[in-house]
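Every read-out reported here was derived from the displayed coordinates using simple, explicitly stated rules and does not represent laboratory data. From a predicted model like this one, the values you see are computed outputs, not experimental measurements. Cβ atoms come from the backbone with ideal geometry, glycine included; neighbour counts cover every protein chain shown.
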Amino acid sequence: MQILVVGGGGREHTLTWKLAQSPHVERLFVAPGNGGTDTLPKTENIAISATDLAALVDFAREQRIDLTVVGPEAPLVAGIVDRFQVAGLPIFGPTQAAAQLEGSKAFAKQFMRRHGIPTAQAVAFDEYEAALDYLHTLAAPPVIKASGLAAGKGVTVPQTMTEAVEAVRAMLLDHRFGAASETVLLEERLTGPELSVLAFCDGATLHILPPAQDHKRLLDGDQGPNTGGMGAFAPSPLATSALLAQVEQTILRPTLAGIAAAGTPYTGVLYAGLMLTSNGPQVIEFNCRLGDPETQAILPLLDSDLVEILLACVNGQLDQVQPSWRNQIAVSVVMAAGGYPDAYATGEVITGIEEAETLGCQVFQAGTQRQNGQLVTAGGRVLNVTALGETITSAAQQAYAGVAKIHFAQAQFRRDIGRT
Ligand code: AMP
Ligand code: GLY
């Protein structure tokens, strides 16, 4: 088979690394890929942006691609799956209608309310005055969310009412996230640990992946600003089988049934971002794809052939495969550029990846590229250093031994991934 992977971050390096191990795969293309996907066996980077849907369809048609796998949310929400389906090209991911679960938080909230799926109370507003009037009826500041895609930056958790007013103003009056913040949600603030439960879906059957915990804050002890994610581990000890059964029964199954009833059955990965509250698990967000950096911890645990699983999803035959997972724990530590999540330098030379891999780590690249034969930084999140272990402690120890081998100027990373 010839497979096209869309995207160029750590998630896509991990996906491509796993796909390249399949005997079904003859050639892999990654659009646009990064410095890591470039060096995988059978694999070639293609200079097409992940959101250039027309160029991607043309490429897949010309190269007779047998399966396209979409990493990021932007092309899914823009309708890449519908375009490929019209062209008769097999593709793994939800249609544009189904991807609204991530693309519009207002849609997702209404959907959950309609289907009785546990989630925080929220009210949507398009107008500043109305939002402010509502805000003043509340006893405590709510969470403020831009409804549309905002690259993981569209959520503010204010400490005071003044901060809440400021966030609403920035979104509705100052258009901070453009069209993505034309509608905002004012949402009840929940408390509890967070858990990411992801499932492969073929429209009818679902298979739950090892549940992961993400570390969104920049600094140790969950301090500092939110980022795209500074590390992850899986499976999380929070995810007991009783909890997972409850999540499947009260959240995942009703969501898939509701989406199917709307005539747009869900194929791809459904990602439920949960908060484990005293009233049980509640949805704080849906994503329509694999998580980043969760994937860098989850996929190395997969024993089975990923191509067979993805094809089964696309063909509605997930009930005929039985994905098997290693009985281990994976920890993945993000190494980011100095300054991230604000402005950061690029072009810094990276060394030590082979040494880290000699220790038994797997290093997945994100913001990297090759320049004159050298690997250099090219983004905010640069590398993900993953290690597997029998315990979370041994996995974390090994991941950090790998991190210690890797150098680039002003690298920053958290020291408590898998250790909190
Ligand atoms: P999101 O981008 O939707 O994942 O939200 C970013 C972060 O905001 C989450 O990881 C939570 O820590 C926090 N958050 C989102 N919704 C709520 C909520 N209703 N209550 C408390 N914290 C929330
Ligand atoms: N790790 C959070 C996300 O992928 O959205």
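With R₀ fixed at 25 Å, the C-beta to C-beta distance from V157 to L359 puts the FRET efficiency at about 0.10. Take the alpha carbon gyration tensor of segment 1-64, find the square roots of its eigenvalues, order them as a ≥ b ≥ c, and report rounded if a/c is under 1.5; if not, report prolate when a/b exceeds b/c, else oblate. Note, shape of segment 1-64 comes out oblate. For the residue pairs K145/K216; K109/K216; K216/K405; K18/K153; K153/K216; K42/K405, the C-alpha atoms sit more than 19 angstrom apart in K109/K216; K216/K405; K18/K153; K42/K405. Here each label is just a point 7 Å from Cα along the line to Cβ, and for A87 and Q246 those points are 4.5 nm apart. Full extension of the chain between A179 and M1 yields a length gain of 60.2 nm, computed as 0.36 nm times the residue separation minus the alpha carbon distance.
Between the listed residues S278, L219, C201, the Cα displaced farthest toward the positive end of the dipole of segment 193-285, a dipole computed from Cβ unit charges relative to the Cα centre, is found at C201. Sorting the segments 390-398, 331-339, 14-22 by their residues' average number of neighbouring beta-carbon atoms within 10 angstrom, most packed first, yields 331-339, 14-22, 390-398. Cα centroids of segment 351-414 and segment 323-337: 12 Å apart. Note: the chain, Cα convex hull, 138 Å³ per residue. For segment 72-145, which GluC sites (Glu not before Pro) pass both filters: DSSP loop (anything but H, G, I, E, B) and at most 16 other C-beta atoms within 10 Å? Of the GluC sites (Glu not before Pro), the ones in loops of segment 72-145 whose Cβ has at most 16 other Cβ atoms within 10 Å are E127. Annotation: peptides 228-235, 297-304, ranked by per-residue average of other Cβ atoms within 10 Å with the highest first, follow the order 228-235, 297-304. Every Cα-Cα pair of segment 271-347 was included, and the share exceeding 18 Å stands at 65 percent. Hey, quick one: spin label on R370, modelled 7 Å out along Cα-Cβ, who in segment 50-84 has an amide N within reach, i.e. under 14 Å? Counting only backbone N, you get no residues. Dipole check for segment 323-420: with +1 at the C-beta of Lys and Arg, -1 at the C-beta of Asp and Glu, and the Cα centre as origin, the magnitude is about 140 Debye.
Distance from the C-alpha centroid of segment 29-86 to that of segment 113-186: 34 Å, rounded to the whole angstrom.
Assuming charge only on the beta carbon of Lys and Arg (+1) and of Asp and Glu (-1), the dipole of the chain about its Cα centre is about 240 debye to the nearest 20. Here's the picture: charge each Lys and Arg Cβ at +1 and each Asp and Glu Cβ at -1 in segment 15-103, and of S22, V69, L101 the one pushed furthest to the positive end of that dipole is S22. Applying 1/(1 + (r/R0)^6) with R0 = 30 Å to the Cβ-Cβ distance of S278 and A139, what FRET efficiency is obtained, to the nearest 0.05? Result of the calculation: an efficiency of 0.95.
With Cα atoms as the point set, segment 7-120 shows a radius of gyration and Dmax of 15.8, 47 Å.
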